[in-house]
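A short write-up of the structure that comes next.
The values are calculated or read from the model by the stated rules, or taken from the named source; none is laboratory data. Bear in mind that the values here come from a model prediction, so they are computed numbers and not experimental data. Methodologically, a virtual Cβ is constructed for each residue, glycine included, from the backbone with ideal geometry; neighbour enumeration extends over all protein chains shown. Just the protein is used for accessible areas: all its heavy atoms, side chains included, with ligands, DNA and RNA removed. Shrake-Rupley method; radii C 1.70, N 1.55, O 1.52, S 1.80 Å.
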Amino acid sequence: MILVTGGAGFIGSNFVLDWVAETSEPVVNLDALTYAGNLRNLAALQGDARHVFVHGDICDRPLLDSLLSRYRPRAIVHFAAESHVDRSIHGPAAFVRTNVEGSFTLLEAARAHWSALPADEQGAFRFHHVSTDEVYGSLGPGDAAFTEDHPYQPNSPYSASKAASDHLVRAWHHTYGLPVLTTNCSNNYGPWHFPEKLIPLMIVNALAGKPLPVYGDGQNVRDWLYVKDHAAGIRAVLAAGRPGETYNIGGWNEKTNLEIVHTVCDLLDELRPDPAGPYRRLVTFVKDRPGHDRRYAIDARKIERELGWRPAETFETGIRKTVQWYLDHPDWVAEVQSGAYRQWLATQYAPGAGA
Ligand code: NAD
Ligand code: DAU
């Protein structure tokens, strides 16, 4: 079996569902169920013996040791993290704790487990670290996309904490020989995306007739990947990636934020027209995010060349599925918009507080 951390979050839950559907291998899913973790994402697996959920923290070494000795996973896929850049600006401590200390604790537990395995199991073991393109910093308009050799230049507390964890993973391979894999992926979107992030926030705000807050001039560029393509990319790397290597995963879909928001508005006009008028009327430019990276772009040729992975969805097909998913799941949306969520919106988008 495999051990997944953070499998109740956005990407982790999509990965767990994909894994169970595509392979016959059971998953132990360790998640602390922070505001971002939600077992409703995994409701389809209720009663399915291939999924074992464990409520716990990656900083808890005794818990990690007992899970590893009890289940003897052949691989760990590490998603658990604090993931929202704006939250890292308001409160970086949680990011250092989970992303740096938590990854360190998990690496140490994995190393102890792996060192005690028989030689054949040691050779087959993998520690797969799920990371981000944000560790590479920001690109200018004409710069080449990030390759795996791009220097690390993290600019936010979030990306600095992820960069730190990437370095720990690298060092645990070079120093101790732990068979690690790292993937650095661009912006994901799709089902079960928590509505503090750009795309789901725009969908839920538009449906509620609320302003659509675009930071700065809306010309920042991100590369977008449908989350199920990310899950397939991780499966490909876990199956055949070379230990010690890093692989960039991206969608070949660079878009400005304003293009993204306009696309969401236009799809909603088609699928759920508002009698009050086109959704674009709600677009509101707000104060910029401090230290806002201007452009990310991923060169994903290595994973295609070595492992044959390419995204299956275009942005047009993926964003249509995503908007339709939110229209079809009003209960999920209502449930995640709890008191804590409303408090976050009040902190982040209060007049003058700004991003
Ligand atoms: P998310 O915030 O939706 O989910 C994170 C999950 O980790 C939650 O279920 C949360 O409960 C859990 N968690 C947090 N702290 C924990 C702890 N101390 N112990 C155990 N579990 C804990 O995040 P996401 O968007 O699904 O991202 C998953 C991973 O992918 C992260 O490592 C992130 O850096 C990386 N990533 C995300 C994106 C993206 O676009 N969302 C892109 C590239 C890489
Ligand atoms: O690039 C990969 C990263 O993508 C992941 O590592 C992160 O975990 C993930 O959260 C995401 O980070 P971003 O900061 O790019 O995502 P976010 O959805 O927060 O913002 C996307 C862009 O939209 C960014 O340029 C900021 C802008 N934005 C965001 C919000 C929430 C707005 O203009 N308005 C908003 O209200």
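In the stretch 193-221, how many residues are open to solvent by less than 10 Å² (accessible area, probe 1.4 Å) and not in a loop (DSSP other than H, G, I, E, B)?
Of the residues in that region, 8 qualify.
Sort out for me the helices (runs of 4 or more DSSP H) sitting completely within the stretch 1-98 that have 1 or more residues that are free of Cβ contacts under 8 Å to residues at least 12 places away in the same chain.
So the answer is 10-22, 61-71.
A quick yes/no check of all residues on (1) more than 11 Å from ligand 1 (Cβ to nearest atom); (2) not aliphatic (A, V, I, L, M):
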site	(1), (2)
Cys185	no, yes
Asn188	no, yes
Ile199	no, no
Gln219	yes, yes
Val227	no, no
Ala240	yes, no
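Could you say which residue among Ala231, Ala171 is surrounded by fewer than 18 Cβ atoms within 10 Å (Cβ to Cβ) and either at pLDDT 95 or above or near ligand 2 (Cβ under 9 Å from one of its atoms) (or both)?
Ala171
When you go through Gly241, Gly318, Gly291, Gly251 one by one, which is the residue that is modelled with pLDDT of 95 or more and open to solvent by 40 Å² or more (accessible area, probe 1.4 Å)?
Gly291
Condition check ((1) in contact with a helix residue (DSSP H, G or I) (Cβ under 6 Å, 6 or more places away or on another chain); (2) away from ligand 2 (no atom under 16 Å from the Cβ); (3) not small (Gly, Ala, Ser)) across all residues:
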| residue | (1), (2), (3) |
| --- | --- |
| Val20 | no, yes, yes |
| Val27 | yes, yes, yes |
| Leu30 | no, yes, yes |
| Ala36 | no, no, no |
| Leu39 | no, yes, yes |
| Ala43 | no, yes, no |
| Asp48 | no, yes, yes |
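Determine whether the stretch 115-138 contains at least one residue that is within 20 Å of the chain's Cα centre (by Cα), part of a helix (DSSP H, G or I) and away from ligand 1 (no atom under 13 Å from the Cβ).
no
Residues checked against (1) more than 16 Å from ligand 1 (Cβ to nearest atom); (2) open to solvent by less than 20 Å² (accessible area, probe 1.4 Å); (3) among the basic types (Lys, Arg):
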| site | (1), (2), (3) |
| --- | --- |
| Ser13 | no, yes, no |
| Thr23 | yes, no, no |
| Tyr35 | no, no, no |
| Ala44 | yes, no, no |
| Phe53 | no, no, no |
| Gly56 | no, yes, no |
| Asp60 | no, no, no |
| Ser69 | yes, no, no |
| Pro73 | no, yes, no |
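Collect the residues in the stretch 294-315 that are under 21 Å from Pro191 (Cα atoms) and open to solvent by 60 Å² or more (accessible area, probe 1.4 Å), keeping them in residue-number order.
Matches in the stretch 294-315: Arg310, Ala312, Thr314.
What are the residues in the stretch 313-339 that are more than 20 Å from Val261 (Cα to Cα) and either of a type in the set (Phe, Trp, Tyr) or within 18 Å of the chain's Cα centre (by Cα) (or both), if any?
Trp332, Val336
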